[in-house]
Amino acid sequence: MEIAREVLMLERVPAGALEQPEGGPRLSTSLICQTTRLAASPRSCRTVMCMTTITRHEVVIAGGGPTGLMLAGELALAGVDVAIVERRENQELAGSRAGGLHARTIEVLDQRGIADRFLSQGQAMQVAGFSFISLDLSDFPTRHCGLALWQNEIERILADWVGEHPVSFYRGRAVAGFEQDANGVDVALSDGATLRATYLVGCDGGRSVVRKRAGIDFPGWEASTSYLIAEVEMDEDPAWGLRRGPRGVNAVGKLGDGKRARVVLVEPEVATGDEPSLADLREALISVYGTDFGVRNPTWLSRFSDMARQAAAYRDRRVLLAGDAAHVHSPAGGQGLNIGVQDAVNLGWKLAQVVNGTSPESLLDSYHAERHPIAARVLRLTLAQTALGRGDDRTEALRDIVTELMQMDGPRKRYGGIMSGLDVHYDLGAGHPLLGRRVPDLDLITEDGPRRMFSLLHAARPVLLQLSESTLPDAAEWADRIQRVAARVDASWELPVIGPVAAPTAVLIRPDGYVAWVGEGTEQGLREALTSWFGPPA
Ligand SMILES: Cc1cc2nc3c(=O)[nH]c(=O)nc-3n(C[C@H](O)[C@H](O)[C@H](O)COP(=O)(O)OP(=O)(O)OC[C@H]3O[C@@H](n4cnc5c(N)ncnc54)[C@H](O)[C@@H]3O)c2cc1C
């Protein structure tokens, strides 16, 4: 959909001139009219009216990477009029970037009924690790252990899913700036057009224009190491696998086509700029391996570092941040894409409820409160992993100890839970261990037959699940917002890291799959939980 940006110079405004032009934007438009009196000649004054047609959306997302795509899907499921502005002309990605999905990310995709699309294209495998020390999750109570799948495939599948929903795309254009007022945000695009949004979400990556224009601080740690990453051909067979050097881990791996290699090399000195040369790559190869293996024909050559920064606030009034726009760090442990997608799933339903008028704006504060600590923890863990990745004798000795520790049950479960995202716990107060944690994907027996728990969340609507013989808890005043389901669970309730927990008699599940209230034989606290998460009673 093209934005109509018209500047009409009129002597007088003829009737109908302010109507929306045919073939114009599908969505409602507003007309900014400026009337200026110009002296056309010393003896006459003409009225000149400039009209700019501005396209309106309830939510505009800057950036259609994994985070922006997931958020758009979530908002569209909730009936929100959402648009993505994406700088790239299409979803093609230069280079492979992220290599997979952790267990919790696959679970959130499963909650929407789309996990199989990803699983069928990748290789299900345990991907959780800490500084290349594998963490065995095989005894974790989840249906998903992890998935090896390159980011370009992940984005393609996400974009196909988004394409099945009414989401507007402005491709080949960038968000250049914005102005927010009490009622909305004017979003300026690089082609001169303007979009008017009720909310703007910056999912525009680590160098986020939205974050910078909002003036949100991005404190953290400068890079201590930089790496070259490339996809190349080589005349000679390289030294496949990992090679630890004094400053970190180098890696050469085969790409899917079996001919090209993906190379990650620690640079001798910290460098900046994301356009290194083939000469830089040759030099780095020689410094690590003593040869450049006849490297040639790079299809991707870039640089990343272990810089770690996090937005001080994820929201400034009508502007929010998610994904890399809110946090950047080293790829160690493969967290960035995963936590970005989970930011989107946390924010989507909340923003939808605020836009739809069912919840007050204060609900959005819980987005920062819940997601900021998760990324803060990831940042600290990437610092630790980078430190542990160095190859000097002292660090090697420390690695031996950490490797041994990670094989012990307690540390393995604790760090396996963190790296897989399965241990996420939002602080919703004291109570049953399920409160604030993800609901397990148990098999349910419902009146309509067997169902999996996650299937109840496909429509991204809250669920009040009654699990005892007694009558359904009274939530009639929220009947327009929540699904009420009665079911029986024969299996035991078990949480990752924590272990078995007492079976609840009812649970209130948020659209992101986290438990907002636990019934333990009474309805105590249910009305408060319904009100605070899903708005006041109708
Ligand atoms: C070498 C490497 C390996 C990695 N490995 C992993 C891994 O194994 N696992 C993992 O989870 N993560 C990994 N990551 C991190 C992962 O790639 C990022 O965290 C992820 O891409 C973040 O997604 P995002 O949508 O938030 O941001 P991005 O992917 O950066 O997407 C931002 C989008 O916004 C667009 N954009 C930018 N500015 C504008 C603008 N002004 N207007 C409009 N559009 C704009 C961009 O074109 C882009 O499409 C790796 C990263 C690197 C570099």
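The values are calculated or read from the model by the stated rules, or taken from the named source; none is laboratory data. All of these numbers come straight from a predicted model, not from anything done at the bench. All Cβ positions, glycine included, derive from the backbone under ideal geometry; neighbour counts span all protein chains shown. To get the accessible areas, we keep the full protein, side chains included, count just its heavy atoms, and leave off ligands, DNA and RNA. Shrake-Rupley method; radii C 1.70, N 1.55, O 1.52, S 1.80 Å.
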Of the residues in the range 307-336, those that are of a type outside the set (Lys, Arg) and more than 11 Å from the ligand (Cβ to nearest atom) number 10
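Quick check: anything in the range 211-224 assigned to a helix (DSSP H, G or I), closer than 21 Å to Thr382 by Cβ, of a type in the set (D, E, K, R) and modelled with pLDDT of 95 or more?
yes
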Mind checking which pairs have a first residue in the range 83-94 that is open to solvent by less than 70 Å² (accessible area, probe 1.4 Å) and a second that is within 6 Å of the ligand (Cβ to nearest atom), Cβ under 6 Å, 6 or more apart or different chains? Ile84/Gly64; Ile84/Gly68; Val85/Ala62; Val85/Val175; Glu86/Gly64
Contacts under 7 angstrom Cβ, first residue in the range 56-79 being closer than 20 Å to Lys212 by Cα and open to solvent by less than 10 Å² (accessible area, probe 1.4 Å), partner more than 14 Å from the ligand (Cβ to nearest atom) and of a type in the set (Ser, Thr, Tyr), 6 or more apart: Val59/Thr198; Val59/Tyr199
Which ones in the range 95-131 are more than 13 Å from the ligand (Cβ to nearest atom), within 14 Å of Arg156 (Cα to Cα), in a loop (DSSP other than H, G, I, E, B) and open to solvent by 10 Å² or more (accessible area, probe 1.4 Å)? Ser120, Gln121
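Can you find a residue that is assigned to a helix (DSSP H, G or I), modelled with pLDDT of 95 or more and either touching a Leu at 6+ places or on another chain (Cβ under 6 Å) or open to solvent by less than 70 Å² (accessible area, probe 1.4 Å) (or both) anywhere in the range 498-511?
no
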Just a yes or no: is a residue in the range 215-226 surrounded by 14 or more Cβ atoms within 10 Å (Cβ to Cβ), free of Cβ contacts under 8 Å to residues at least 12 places away in the same chain, within 13 Å of the ligand (Cβ to nearest atom) and closer than 30 Å to Gly63 by Cβ? no
Within the range 471-481, the residues that are in a loop (DSSP other than H, G, I, E, B), exposed (fewer than 13 other Cβ atoms within 10 Å of the Cβ) and small (Gly, Ala, Ser) are Ala479
Kindly check whether there is at least one residue in the range 137-153 that is assigned to a helix (DSSP H, G or I), within 11 Å of the ligand (Cβ to nearest atom) and more than 30 Å from Asp423 (Cα to Cα). no
Quickly run through the range 255-272 and pick out the residues that are part of a strand (DSSP E or B) and either at pLDDT below 90 or of a type outside the set (Lys, Arg) (or both). Ala261, Val263, Val264, Leu265, Val266
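If I filter the range 422-459 down to residues being under 19 Å from the mean Cα position of the chain (by Cα) and open to solvent by less than 20 Å² (accessible area, probe 1.4 Å), which single residue comes out as nearest to Asp139 (Cα to Cα)?
Leu422
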Qualifying residues in the range 277-313 (those that are open to solvent by less than 20 Å² (accessible area, probe 1.4 Å) and of a type in the set (A, V, I, L, M)) - the one farthest from Glu231 (Cα to Cα): Ala311
All conditions in (1) in a strand (DSSP E or B); (2) farther than 27 Å from Gly73 by Cα are true of Arg484 except (2)
Would you mind telling me which numbered condition in (1) more than 19 Å from the chain's Cα centre (by Cα); (2) touching a residue at least 60 places away in the same chain (Cβ under 8 Å) Gln121 fails? (2)
Selection from the range 169-203 of residues that are in a loop (DSSP other than H, G, I, E, B), within 10 Å of the ligand (Cβ to nearest atom) and open to solvent by 40 Å² or more (accessible area, probe 1.4 Å): Ser190
